[in-house]
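Below is one structure; the comments refer to it alone.
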Amino acid sequence: MRLIALREHIRKKIQCHAILIEKNILHHSPTASGASLIEEDYELTFQLEDGKKRSFLVWPMVFDSVCCGEEGILKYKGDDLISFGKHIKEFDLN
């Protein structure tokens, strides 16, 4: 029963006030050998209204569209950022 509740929570769209507190570019090698190929992931970290922190991997264009200290309504579902105030607009690929 607990697993079902967790799955439902992950699928649930969450909306709350948040502040962007950190932007990071994470560098890693996608190969086990650590070959010269390096990839970057773009991460945004928000402080939620309840004081908790939440991080999301985003596209470079989204990463560049916001600055630390900006505030707004954050919408997310599981590990996916959906929108953030007037800075990141919700879009649908379908």
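Roughly speaking, what is the stretch gain from D64 to E49, that is 0.36 nm per residue apart minus the C-alpha to C-alpha distance, in nm to one decimal?
Computed gain between D64 and E49 is 3.1 nm.
Can you give the net charge of the other residues whose Cβ lies under 15 Å from the Cβ of E40, counting K and R as +1 and D and E as -1?
-3
Show the residues, 5+ positions off or on another chain, whose built amide H is closer than 5 Å to the amide H of L74.
Long-range HN contacts for L74: C16, H17, A18, G85.
Suppose each label sits 7 Å from its Cα in the direction of the beta carbon; what would the I21-S83 distance come out to in nanometres?
So the label points at I21 and S83 sit 2.5 nm apart.
Sum up the charges of everything whose Cβ sits under 11 Å from the Cβ of K23, counting Lys and Arg as +1 and Asp and Glu as -1, but leave K23 out.
Taking every Cβ under 11 Å from that of K23, the sum is -4.
In nm², what is the average projected area of the convex hull enclosing the Cα atoms of segment 48-94?
For segment 48-94, the mean projected area of the Cα convex hull comes to 3.7 nm².
Where a number appears in this text, it was derived from the coordinates with a stated rule and is not lab data. All values derive from a computational prediction rather than experimental measurement. Here Cβ is always computed from backbone atoms with ideal geometry, including for glycine, and neighbour counts include all displayed protein chains.
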